[in-house]
Amino acid sequence: MRHFDYARAESAQQAVAAHGSDREVSFLAGGTTLLDLVKLDVMQPDKIVDINGVSLDEIERLDDGRLRIGAMVTNTALARDRRVVEDYAVLSQALLAGASTQLRNKATTGGNVMQRVRCPYFRDGVSDCNKREPGSGCAAIGGVNRTVHAVLGTSDDCIATHPSDMCVAMIAIGATIEVQGPEGVREIDFADFHLLPGDTPAREHALEPGELITHVVLDAPLDGSRSGYLKLRDRQSYQFALASSAVIVQMDGNTITDARVAMGGVGTKPWRAPEVEAALKGKSASERLFAEAAKLAFENAIAYSQNGYKIPLGQQAIVRNLSDLTAA
Amino acid sequence: MSDKPQSIIGAGVPRIDGPDKLSGRANYAADNLPPNLAYGYGVFSTIASGKISQLSVDEARQMPGVIDIFHHSHFPSLYRTPSSFAQGNKVEETRLPFEDERVYYDGQFVALVVADTFENARAAARRVKVTYAADKAVANLDQGVEANGTQAGSGNHDRGDAASAFDSAAATIDATYRTPVETHNPMEMHASTAWWDNGDLTIFDASQGVVVARNALAKIFAIPPERITVHAPYIGSGFGSKLWTWPHAIATAAASRELGRPVQLVVPRQQMFTTTGHRPETRQRLRLATDDNGRLVSLRHESINTTSYTDQYVETCGSVTKSLYHCPNLTVSHETTQVNRGTPTSMRAPGAAPGLFALESAIDEMADAVGIDPVQFRLDNYAERDESKDLPFSSNHIVEATKRAADRFGWADRKPEVGSMKEGREIVGYGMAACNWEALKMACDARVSIRADGTAFASCATQDIGTGTYTIVAQAVSDVTGIPIDRITVKLGDSSYPDGPVSGGSWATATTLPAIAGAARNALDEMKRYATGSNGAFAGASSDDLEVADGGLRNADGKQVSFADILQAGRYGSADGEAHTEGADSKYSYRSFGAHFVEVRWDPGISRLRVARVVSAIDVGRVINETTARNQVEGAVVMGIGMGLFEATEYDERNARPVNNDYAEYVVPVHADQPEIDVILLDYPDLAFNEYGARGIGEIGVTGLAAAVANAVHHATGKRIRELPITLDKLMDDVPQVRSA
C-alpha cells in the first residue's frame, strides 16, 4: 500500500478541519469502497481522515415527521430500524438487496451515498477512463458493458451506472443531505447531489472539497402509501442491479393518487422518473397503464453494445413493482 | 476387501480434516511465514500482444523495503521442463517467467518486486514503469480462426462414414454451440512460499500435484528431484487450476535462490484470470442424423478451442461423444486456434463439461426433430459397449440411472408442448441430460504403519483438494486393519511421501485406495511376522492361522492380542507396509455414467430465470464415503448451474483484456441460487476396475448439467440457447438494437 497520513476525528467539525483541502484526502467510514480502491491503486489518497469516532450514528424522528439519519448509521442498522421498516419499506428492502451481510454491517449511510462506480474499466487502473484520468476516453463504450453500464444519463465520456440500491430508494422517498463544510453546515437536495457525467465525469457529486455528509433526512412518508424495491439481476444475491425500481404509491380505491418512481442499474445516477409518476397520477391502476407509464422512462435511453436489454428490463422492474404494490 | 455388514467403506464418515479447517489450524501455502521471509508482488503486462520496449525500475527501487526487482534482463537463467505427462514433469505454460521481452497475453508477469512486506512489494510494483510496443491482439476464438486458422488437435475419432450416412438419413440436425472462457476461481488464491537450504528447495505451493510439481521444478532448476520438497497439505480448492506449476511458483523459487532468503508470492485475484489457466472458449458443430425409428445413424462433433501462442491445450469436447451413444458412423475432431490469452488448462471435467453441453443439447434437438421424448430417445440410443474402443464397459448402469432419476423427478408429468406448464407468473421447464466421465487410475505408492501405541499412520504424496481424500484414506486403513478412524493419522500433500497421483481426473480415489489397502495389508503381514516370531505373542504359529480382529490378531482358539501388545512384546515401534499399484488395464472401457433432471422457472414479466430443482442419479461404482460423495455431486451441480446461467470471463474484443476479473463481476451461483438438489448414488461396485470398485466422483456431476438447464429453458421458453451462459438478455424479446457504438 502507498503510504498516507492518517487522522482520526471525533466530530464532524474536527473531521473537516483535519481534511484541509490542498491534498488528496479521503474520509474513511465503513471503508467498503475506499479500501478496495486504494488496494487496487485506483484511489491514491495522501491522507485519510477516519470518521468512525464521530457521533453520527443516530436515527431520529424530527418534529415535522421527517427521519434524520446519521451518516455513520450502518446499512444493516438502517435496514432493520423499526421506523424505516414501517414507514419506508422501499428503503429497508433496497438496503437488504445490496451487497452482502458482511458489507452491510460495515457500510454506512454516508458512504453508500458516496460509493464509486463499479465500471471495471474504472477499477482496472489501466484502461481509458475519464473518471480516473480526465480526457483519456471511455473504454466502456464499445467494450464490455452488459452489467454495470447505463442507458440513461450517459454521455460520450462516461456510461457507468451509479451502483447504489439505497440511493434509488432515497431519491424516490425524497431526501435532503446535510453537509458540514469548512464554512459551516449546508443542505443539498438529494436529487441534486449526484451529477450526470456530461463532459466532466470525474465530478460525481455536489460536495465541495473538504465537505462531509453528516446526515440524510428523509421526507415524511406519503400518507397511507405502500412501497417496495424490486431488483433484477443475474444471480439472486450479491450482484449490482441490472435494473431495479423503487416505487411508492398512494391509492384511493383503485385510483393512484400519488406515485414516486425511481430506478437503479440503468442510470448514471440514482434515477427518478417524474414522467412515469405523472402518467400514473389520478389513473386507475392496470397492467396496461403501468406498461405505458414505464415506457416513458426510457424514451431517451441509449443502448450500448451489450446493454440494450436494460431498456425493456427496466420497464419490467417498474411494471412488476407497481403491479405488486397495487394488488388488492 | 471385507464385505462386513456396517462396513466403514461407504459410511458417511465426517471429514477428519474438518476440525483443523474450522479452527484455522489447517496450513495453506501462504500461511507459512518462515523467519526472514520476503514478499513478492508481480508487475503484469497491460497489453496482450507485443514486446516490452522499456522497463524502468528506478523509481520502484527507491521505494521503502524493496530488496530486488526481477525482470527479463535481470533474472537467473533457468531450463525448460519437457512438460511430459508420462514423465510426470508437466507444466501447462512451458515458457519460463521473464524468458524474454515478449508479451503473449494481458496479465503476464513482466517483473517481480521483492520487498520486506507484502504492502511494500505491492506499492513498489506499481512504480515499475513499463512501456510496450503493442501488436494488434487476437482477442477471441473467431478472431483467432480468422487471423491464425486452426491447428490439429488430439483425441480424434472416426468410424464408419458419417458424411454419407448423414446425407441419406431420414432426419438431421446441424447446430453450432459455443461456450465461453471460464475461470476456476478457487477461494484460495494461488500462492507459493519457497526457501533454499544448502541447495535444497522447499516450497509450499497451492498444488493439486506435489510430485509432478517437484519433478517439473527439478527440470527447471536442473537439480535432482530429491533436492526438492513440495508441500501442499491443504489447498483452498483448485478445480484443475492447481494441477500444474504456473510461472509464479517458478519465479518465487528463483527469487528465493537469488536472494538467499524465503520468498512468498500470492497471485492477486485479477491475475488468476490471466496467468493460472482457464477453461478455453469453444465452438462446436454438431451434426446428427437418425433413421426412421429415431436411431442415430450419423454423429459428427467438431470442436475448436482457443489456446495460447506459447502452448497448445486441447479441450477434448468430443471425448464422451465417441462412446455414449450407439452410432455406426461417427466423427470426433478437435482443433485449436491461437489467441492472446494465457495457456488454458483443465477445469473440472475438461472436455466433457463443454462437450456435453453441446452433445446433450444436440441430442435434445434431435429428439425434438423426430418427435420422441428426450428420455426415451436417449434410452433408445445409449450404447451397450464402447464402440470407440470396441470394448465392453466394465459396469454401466446409465439406463437405470436415467429411469430412477426420471421417476424421482416426476418426468412423467412433463407436458411436451413448449411453455405449457405454468405456475402463477412462472413458466416451468423440464429438461434432462446424460452425464459421463472416463474412469481413470494411475500408478501409486503408499505407506502404512501400525504403531506401538495402537495408532496407525498412512502417507501418500497425493493431495486432499477439499474433496475428502484424507478421510477416505483413513477409511481404507480402518477397513483393512480394524483400527478406528480416530486413531489413524493420514499425511498427504508432501512430495517426500511415497509417490501418489495428481488430484485430478477424478482418479484420486481409484488410484490411492488400492495402494493404501495394499500397504495396510503388508503392514499386517509384518505384524504377523512379529507375532509369530520367537518372542512373539503367537510364537511358533503360522501367519496364516491369524486373523485380524478388533485392533489385534486372533488365532483359531480365540486368543486375541492387540497390535500394541504384539509390538511392545517385540520392542518394535511399528509394523510398516508399503505398496505399489499400477494404473488401469485395458480389458474394459471404464466409465462413469448418470443423468441430470432439471426444473427451471422462467418469469417472463421480469425476465427472471432460475433453476428450481435438480435430480441427479450417478453411477460411479462403489461409493466410499456417502457424505463426501454426495457433497461432490451437489457441488458439481452448483458449478453446472453456474456454467449454465452465469459464468463467463469477458474479454474486451479490442485488446484481449479480461474485464470482469473479480468475485463481484465474475458471477457464480450464491446460496440464494441453490435449488433443491436430490442426488441418487447407485453404488454398484466396479470390481473389474479396482478392489474397492470405486471409479471416482469429482467431475461427473458437472458434465451434462448445463445442457439439462438449456433443454429445460427450451421447454419453458421455446428458445434454444446454444451459447453459454444463458443470461436473461438472451431470453428477452424485443431487445433494442444499439443506437450508439
Quick test of your reading of the structure: residue B:120 fulfils all but one of (1) part of a loop (DSSP other than H, G, I, E, B); (2) open to solvent by 10 Å² or more (accessible area, probe 1.4 Å). Name the failing condition by number. (1)
Counting residues that are out of contact with any Leu (no Cβ under 7 Å at 6 or more places or on another chain) and at the interface with another protein chain (Cβ under 9 Å from one of its Cβ atoms), which helices (runs of 4 or more DSSP H) fully inside the range A:222-328 reach at least 3? A:310-326
Would you confirm whether any residue within the range B:544-560 is assigned to a loop (DSSP other than H, G, I, E, B), more than 13 Å from residue B:450 (Cα to Cα), in the same structural domain as residue B:481 (by TED's automatic domain parsing) and open to solvent by less than 30 Å² (accessible area, probe 1.4 Å)? yes
Within the range B:717-741, tally of residues that are under 32 Å from the mean Cα position of the chain (by Cα) and part of a helix (DSSP H, G or I): 3
(1) open to solvent by 10 Å² or more (accessible area, probe 1.4 Å); (2) touching a residue at least 60 places away in the same chain (Cβ under 8 Å); (3) within 13 Å of another protein chain (Cβ to nearest Cβ); (4) assigned to a helix (DSSP H, G or I) all hold for residue B:605 apart from (4)
With criteria (1) over 30 Å from residue A:36 (Cα atoms); (2) within 14 Å of chain A (Cβ to nearest Cβ), residue B:638 comes up short on (1)
Only one of A:86, A:133, A:58 that is within 14 Å of chain B (Cβ to nearest Cβ) and without any contact (Cβ under 8 Å) to a residue 24 or more places away in the chain: A:133
Qualifying positions in the range A:234-250 - open to solvent by less than 30 Å² (accessible area, probe 1.4 Å) and closer than 21 Å to residue A:119 by Cα: A:234, A:235, A:239, A:241, A:242, A:243, A:244, A:245
Among the residues of the range A:91-116, what is the count of those that are in contact (Cβ under 8 Å) with a residue 60 or more places away in the chain and either assigned by TED's automatic domain parsing to the domain that holds residue A:310 or at negative phi (or both)? 18
May I ask you to verify whether residue B:654 is open to solvent by 10 Å² or more (accessible area, probe 1.4 Å), over 24 Å from residue B:636 (Cα atoms) and either within 14 Å of chain A (Cβ to nearest Cβ) or in a loop (DSSP other than H, G, I, E, B) (or both)? yes
Filter the range B:700-741 for residues that are closer than 19 Å to residue B:631 by Cα and out of contact with any strand residue (DSSP E or B) (no Cβ under 7 Å at 6 or more places or on another chain); which is farthest from the other protein chains (Cβ to nearest Cβ)? B:702
So the strands (runs of 3 or more DSSP E) completely within the range A:18-137 holding 2 or more residues that are surrounded by fewer than 16 Cβ atoms within 10 Å (Cβ to Cβ) are A:59-61
Candidates B:505, B:536, filtered to the one that is in a loop (DSSP other than H, G, I, E, B), open to solvent by 10 Å² or more (accessible area, probe 1.4 Å), modelled with pLDDT of 95 or more and not assigned by TED's automatic domain parsing to the domain that holds residue B:690: B:505
Looking for whichever is at the interface with chain B (Cβ under 10 Å from one of its Cβ atoms) and more than 27 Å from residue A:275 (Cα to Cα) here; the options are A:116, A:123. Which one fits? A:123
Return the residues of the range B:134-149 that are surrounded by 17 or more Cβ atoms within 10 Å (Cβ to Cβ) and outside any helix (DSSP H, G or I); say none if nothing qualifies. B:137, B:138, B:139, B:140
Unique residue being at pLDDT 95 or above, under 11 Å from residue B:340 (Cβ atoms) and within 12 Å of chain A (Cβ to nearest Cβ) when the list is B:124, B:139: B:139
Can you pull out the residues in the range B:39-64 that are outside any strand (DSSP E or B), open to solvent by less than 30 Å² (accessible area, probe 1.4 Å) and of a type outside the set (A, V, I, L, M, F, W, C)? B:45, B:49
Evaluation of residue B:399 against (1) in contact (Cβ under 8 Å) with a residue 40 or more places away in the chain; (2) surrounded by 15 or more Cβ atoms within 10 Å (Cβ to Cβ) (one fails), failing number: (1)
Quick check on the range B:575-591. Is at least one of its residues within 30 Å of residue B:422 (Cβ to Cβ) and touching a Gly at 6+ places or on another chain (Cβ under 8 Å)? no
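Residue by residue, here is whether (1) in contact (Cβ under 8 Å) with a residue 40 or more places away in the chain; (2) touching a strand residue (DSSP E or B) at 6+ places or on another chain (Cβ under 6 Å); (3) closer than 28 Å to residue B:725 by Cβ; (4) not in a strand (DSSP E or B) holds:
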| position | (1), (2), (3), (4) |
| --- | --- |
| B:176 | yes, yes, yes, no |
| B:188 | yes, no, yes, yes |
| B:220 | yes, no, no, yes |
| B:226 | no, no, no, yes |
Can residue A:201 be described as part of a loop (DSSP other than H, G, I, E, B), surrounded by 23 or more Cβ atoms within 10 Å (Cβ to Cβ) and more than 14 Å from the chain's Cα centre (by Cα)? yes
When you look at residue B:26, is it small (Gly, Ala, Ser), touching a Phe, Trp or Tyr at 6+ places or on another chain (Cβ under 7 Å) and surrounded by fewer than 20 Cβ atoms within 10 Å (Cβ to Cβ), yes or no? yes
Which residue is nearest to residue B:77 (Cα to Cα), if the candidates are limited to the range B:182-230 and must be among the aromatic types (Phe, Trp, Tyr) and open to solvent by less than 40 Å² (accessible area, probe 1.4 Å)? B:221
Out of the range A:204-221, which residues are in a strand (DSSP E or B) and farther than 19 Å from residue A:90 by Cβ? A:205, A:212, A:213, A:214, A:215
So, in the range B:84-116, how many residues would count as being surrounded by fewer than 20 Cβ atoms within 10 Å (Cβ to Cβ), touching a residue at least 60 places away in the same chain (Cβ under 8 Å) and under 19 Å from the mean Cα position of the chain (by Cα)? 1
Would you pick out the residues in the range A:1-48 that are away from chain B (no Cβ under 14 Å), in contact with a helix residue (DSSP H, G or I) (Cβ under 8 Å, 6 or more places away or on another chain) and over 24 Å from residue B:120 (Cβ atoms)? A:9, A:27, A:29, A:30
Does the range B:657-699 hold any residues that are more than 14 Å from chain A (Cβ to nearest Cβ), small (Gly, Ala, Ser), surrounded by fewer than 23 Cβ atoms within 10 Å (Cβ to Cβ) and not in a loop (DSSP other than H, G, I, E, B), and which are they? none
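The values are calculated or read from the model by the stated rules, or taken from the named source; none is laboratory data. All values derive from a computational prediction rather than experimental measurement. So basically every Cβ, Gly included, is an ideal-geometry build from the backbone, and we count neighbours across all protein chains shown. For accessibility, only protein heavy atoms count, side chains too; no ligands or nucleic acids. Shrake-Rupley method; radii C 1.70, N 1.55, O 1.52, S 1.80 Å.
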